[in-house]
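Undergrad: The structure under discussion is supplied below as structure tokens; questions concerning it will follow.
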Amino acid sequence: MKTRNSAHKRGKHNSLRLTRIAIDTYRENVAYLNCRCEVYRAEGFQSMSKIEISVDGKSILAVLIIVRDDSILAPGELGLSEQAFRQLGVKEGTLVRIRHAPPPVSMEAVRRKIQGERLSEEDFHAITNDIVHNRYSKMEMAAFLVSASVTGLDRDEVLYYTRAMADTGDRLNWKEPLVADKHCIGGIPGNRTTMLVVPIVAAHGMLIPKTSSRAITSPAGTADTMEVLAEVSLSPERLHAIVQKHRGCLAWGGTARLAPVDDTLITVERPLGIDVMGQMVASILSKKLAAGSTHLLIDIPFGPSAKVREMSKATQLRKLFEFVGDRIGIHIEVIITDGRQPVGRGVGPVLEARDVMQVLENDPDAPSDLRQKALRLAGRVLEFDPDIRGGQGYAIARDILDSGRALASMKAIIDAQGRRKKIPRPGRLTLDVTAPASGTVTAIDNLRINRIARLAGAPMDKGAGIDLFKKLGDSVKKGEALYRIYSDFDSEFQFACESASRDSGYTLGEKADITTTMFEF
């Protein structure tokens with residue numbers, strides 16, 4: 001009897017009144033508890049520990065934060081961040097119960113990976129399932145990502161990981177035999193070819209529903225740049241309707257729940273700056289598998305400051321893409337391209353969107369390197385069409401672009417997704433970075449340009465970034481502008497300017513000093 005009364009009192013004390021805390025914790029459940037709360041004192045909860053919150057047969061897991069200010073949260077209340085409140089799905093004021101959360105069982109597999117062991121397909125399914133159900137804290141996710149980075153993933157593990165990530169969300173079925181897609185592994189500033197390939201291919205009549213992630217370590221991704229022009233957060237139903245009518249789209253994959261665990265992991269990858277080969281392949285191909293792609297073109301830029309700096313690594317990566325693609329049922333073609341310098345002039349969402357529209361509008365001032373690369377890539381995608389002979393794709397793509405059909409296709413996609421009434425402008429704060437001496441541009445450091453553009457505020461600040469005035473082989477005079485930094489906030493502007501003053505990312509010398517890079521299409 002004594003035990004039953006104790007249990008009753010314990011259950012009563014564990015009941016807390018739910019309140020919504022207006023804090024966006026972005027893909028992480030966070031709960032808040034007052035330090036004078038009886039439950040906090042009785043159960044020995046600690047800040048940053050994980051708790052389980054339950055009510056009426058529903059429960060969620062959350063990371064606990066202890067509050068020491070009664071004006072934020074009363075002792076008898078449990079606060080939930082916006083993400084956690086939406087997931088629990090009950091009204092404010094509801095009585096909920098909390099307890100210590102059991103550790104995710106799959107952490108044992110992560111510990112084995114840290115020790116260098118090879119994981120099974122069941123291990124990867126367990127890990128991704130726990131992550132997508134918010135059973136991992138960001139610290140635990142970081143441990144998993146670092147373990148995969150340090151000990152590596154063999155090709156079978158990458159295959160298992162790809163399937164497991166795709167299985168965490170929905171899968172699109174377009175009910176067509178040929179669903180085209182194109183993806184670049186990234187790392188090259190301004191390389192916004194996808195936003196040109198999609199309208200060209202869609203204008204030809206091929207289905208190309210492009211869903212993209214946001215930038216991880218770059219100043220802009222396709223979704224970030226398209227968001228300057230149109231809405232990119234589309235429901236699956238709206239996505240289907242747009243693609244069926246216009247044969248293409250340029251959307252963010254997050255709202256469509258395509259391999260959602262990948263979007264969660266990206267929030268940890270971004271601050272850690274992790275970009276591991278196996279992780280990259282699994283991330284890209286899980287999204288393509290979930291998006292219903294049947295034919296995929298992969299672009300691997302290769303150069304001294306690209307993600308891939310050795311031809312042997314590029315070849316290894318190509319083989320890994322082909323191995324996994326063959327086993328998940330996607331026809332993959334991989335091309336290795338020139339990654340010695342940025343593509344186009346703009347680096348950052350607004351500036352990259354400007355370049356894309358200039359190319360589509362056949363503006364004489366449009367960056368020619370962006371135009372030419374996009375045409376070559378679009379030509380290769382068009383050659384997935386069995387009615388187009390190999391080698392004919394480029395000429396067809398050029399005709400679609402020059403005729404204005406690609407521009408019309410892009411305008412229709414933008415209108416269907418939701419055209420922005422007001423397009424952001426480049427940042428109000430500017431600085432021209434000038435040449436310290438006369439000479440020829442012999443090298444441009446992609447990583448450095450990316451770094452400076454991100455310090456300026458890109459991609460979160462759409463108008464932040466860099467406008468390039470000089471490219472490889474261009475002659476410059478002392479004091480002539482190499483590029484212009486744009487930012488909207490004083491602190492970010494100062495960070496970017498100070499970084500550029502230490503190292504502009506440009507090397508000047510003689511034309512004979514320019515690094516030649518062997519690349520192929």
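Undergrad: If the only charges are +1 at each Lys and Arg Cβ and -1 at each Asp and Glu Cβ, what is the size of the charge dipole of the stretch 84-127 around the Cα centre, to the nearest 20 debye? All intermediate terms of the calculation are to be shown ahead of the outcome.
TA: On the way: 8 positive and 6 negative charges, 56 e Å.
I would put it at about 260 debye.
Undergrad: How big is the charge dipole of the chain about its Cα centre, in debye rounded to the nearest 20, if each Lys and Arg gets +1 on its Cβ and each Asp and Glu gets -1 on its Cβ?
TA: Details: 72 positive and 65 negative charges, 255 e Å.
Dipole about the Cα centre, nearest 20: 1220 debye.
Undergrad: Rg/Rh for the stretch 2-100: what does it come to with C-alpha atoms and Rh from Kirkwood?
TA: 0.95
Undergrad: Sum -39500 (n - 2.57) across every DSSP H segment of at least 4 residues in the chain, then divide by the residue count to get the 222 nm mean residue ellipticity, nearest 500. Don't skip to the end; give the middle numbers.
TA: Working: 19 runs with 219 residues, N = 521.
The helix-only estimate for the chain comes to -13000 deg cm²/dmol at 222 nm.
Undergrad: On the principal axes of its Cα set, how long, how wide and how thick is the stretch 360-518? Give whole Å, largest value first.
TA: 54, 46, 25
Undergrad: Here is a follow-up. Could you tell me which of the pairs K422/K462; K182/K462; K175/K319; K313/K471; K138/K462; K50/K287 are separated by over 18 angstrom between their Cα atoms in the structure shown?
TA: Numbers: K422/K462 12 Å; K182/K462 24 Å; K175/K319 29 Å; K313/K471 26 Å; K138/K462 27 Å; K50/K287 29 Å.
In this structure, K182/K462; K175/K319; K313/K471; K138/K462; K50/K287 exceed 18 Å between Cα atoms.
Undergrad: If you rank V55, V347, V433, V228 by fewest surrounding Cβ atoms within 10 Å, what's the result?
TA: Numbers: V55 16, V347 34, V433 20, V228 23.
Fewest-to-most Cβ neighbours within 10 Å comes out as V55, V433, V228, V347.
Undergrad: Give me the extension gain from T315 to M139: residue separation times 0.36 nm, minus the current Cα-Cα distance, reported in nm with one decimal. Show your work: numbers first, answer last.
TA: Numbers: separation 176, 0.36 × 176 = 63.36 nm, distance 3.35 nm.
My answer for the length gained is 60.0 nm.
Undergrad: Straight-line reach from K477: which lysines fall under 28 Å, measuring Cα to Cα and dropping same-chain residues less than 8 apart?
TA: Leaving aside lysines fewer than 8 places away in the same chain, those within reach of K477 are K511.
Undergrad: I would also like to ask the following. In the stretch 107-152, what is the volume of the convex hull around the alpha carbon atoms, normalised per residue and reported in Å³?
TA: Numbers: hull volume 2.7 nm³, N = 46.
Expressed per residue, the convex hull around the Cα atoms of the stretch 107-152 is 60 Å³.
Undergrad: Starting from the 7 Å offset along Cα-to-Cβ, what nm value, one decimal, do you get for the label separation of C35 and S71?
TA: About 1.6 nm separates the two model spin labels.
Undergrad: Still on this structure, please answer the following. Return the distance in nm (one decimal) between the two label points of a simple spin-label model at V90 and I23, each offset 7 Å from Cα along Cα→Cβ.
TA: With each label placed 7 Å out from Cα toward Cβ, I get 2.1 nm.
Undergrad: Note down the magnitude of the dipole of the stretch 429-513 about its Cα centre, charges +1 on Lys and Arg C-beta and -1 on Asp and Glu C-beta and zero elsewhere, to the nearest 20 debye. Intermediate results must be reported in sequence, preceding the final value.
TA: Values: 11 positive and 13 negative charges, 44 e Å.
The calculated dipole for the stretch 429-513 is roughly 200 debye.
Undergrad: Averaged over all directions, how much area does the convex hull of the C-alpha atoms of the stretch 180-417 cover when projected, in nm²?
TA: Values: hull surface 46.3 nm².
Value for the stretch 180-417: 11.6 nm².
Undergrad: Determine, for I466, I414, the number of other Cβ atoms within 10 Å of each Cβ, and report the residues in order from fewest to most. Intermediate results must be reported in sequence, preceding the final value.
TA: Details: I466 29, I414 19.
With the sparsest Cβ surroundings first, the list reads I414, I466.
Undergrad: For the stretch 262-326, compute the orientation-averaged projected area of the C-alpha convex hull (one quarter of its surface), in nm².
TA: So the Cα hull casts an average projection of 4.8 nm².
Undergrad: Which of S409, I485, P459 sits farthest toward the positive end of the charge dipole of the stretch 409-503, with +1 on the Cβ of Lys and Arg and -1 on the Cβ of Asp and Glu?
TA: About the Cα centre, the residue reaching furthest to the positive side is S409.
Undergrad: Viscosity 1.567 mPa s, temperature 4 °C: give me the Stokes-Einstein translational D for the stretch 429-513 in µm²/s, with Rh taken as the Kirkwood radius over C-alpha pairs.
TA: Numbers: Rh = 12.8 Å.
It comes out at roughly 101 µm²/s.
Undergrad: Next question. When the Cα centres of the stretch 137-210 and the stretch 416-435 are compared, how far apart do they sit, in Å?
TA: Using only Cα atoms, the two centres lie 28 Å from each other.
Undergrad: Could you list M280, M165 in order of exposure, starting from the residue whose Cβ has the fewest other Cβ atoms within 10 Å? Display every interim value, and only then the final one.
TA: On the way: M280 20, M165 28.
If I rank by nearby Cβ atoms, fewest first, I get M280, M165.
Undergrad: Turning to a different aspect of this structure: So, counting K/R as plus one and D/E as minus one, what does the shell of residues with Cβ under 12 Å around R17 add up to?
TA: It works out to a net charge of +1.
Undergrad: Report the local net charge at E77: Lys and Arg +1, Asp and Glu -1, summed over other residues whose C-beta lies under 13 Å from its C-beta. Show your work: numbers first, answer last.
TA: Details: positive: R17, R20, R36; negative: E38, D69, D70, E92.
That works out to -1.
Undergrad: Another question, if that's okay. To the nearest Å, what is the center-to-center distance of the stretch 9-79 and the stretch 234-306, using C-alpha atoms only?
TA: So the two Cα centres are separated by 35 Å.
Undergrad: How charged is the neighbourhood of R425? Take every other residue with its Cβ under 13 Å from the Cβ of R425, and add Lys/Arg as +1 and Asp/Glu as -1.
TA: Values: positive: R354, R420, K422, R428, K462; negative: D461, D467, D488.
Computed value for this residue: +2.
Undergrad: For an R0 of 41 angstrom, estimate the FRET efficiency from the Cβ-Cβ distance between L178 and D490 and round to the nearest 0.05. If you can, show how the numbers build up before the last one.
TA: Numbers: r = 51 Å, r/R0 = 1.24.
In this case the efficiency is close to 0.20.
Undergrad: May I ask what percent, to the nearest 5, of DSSP beta bridges between residues of the chain are antiparallel? Mind showing how you got there, number by number?
TA: Values: 35 of 64 bridges.
Close to 55 percent.
Undergrad: So how far, in whole Å, is the C-alpha centre of the stretch 442-521 from the one of the stretch 114-135?
TA: Here the two parts' Cα centres lie 40 Å apart.
Undergrad: Here's another thing I want to ask about it. Using a basic spin-label model with each label point 7 Å from the Cα along Cα→Cβ, how many nm lie between S49 and T430?
TA: With each label placed 7 Å out from Cα toward Cβ, I get 5.6 nm.
Undergrad: For T267 and A481, FRET efficiency with R0 = 41 Å and r from the beta-carbon atoms, rounded to 0.05? All intermediate terms of the calculation are to be shown ahead of the outcome.
TA: On the way: r = 36 Å, r/R0 = 0.88.
The calculated FRET efficiency here is 0.70.
Undergrad: How do the peptides 469-475, 503-509 rank, highest first, by the average count of neighbouring beta carbon atoms within 10 Å per residue?
TA: Values: 469-475: 15.3, 503-509: 18.7.
Averaged packing, sorted descending, gives the order 503-509, 469-475.
Undergrad: Let's test the formula: R0 of 22 Å, r as the Cβ-Cβ distance of I114 and D156. What FRET efficiency results, to the nearest 0.05? Write out the running numbers ahead of the final one.
TA: Values: r = 19 Å, r/R0 = 0.87.
Working from the Cβ atoms, E equals 0.70.
Readers should treat all values here as calculations from the given coordinates under stated rules, not as data from a laboratory. Predicted model, so just to flag it, every value in this text is computed and none were measured. Heads up, the Cβs are rebuilt from the backbone with ideal geometry, glycines too, and the neighbour counts pull from every protein chain shown.
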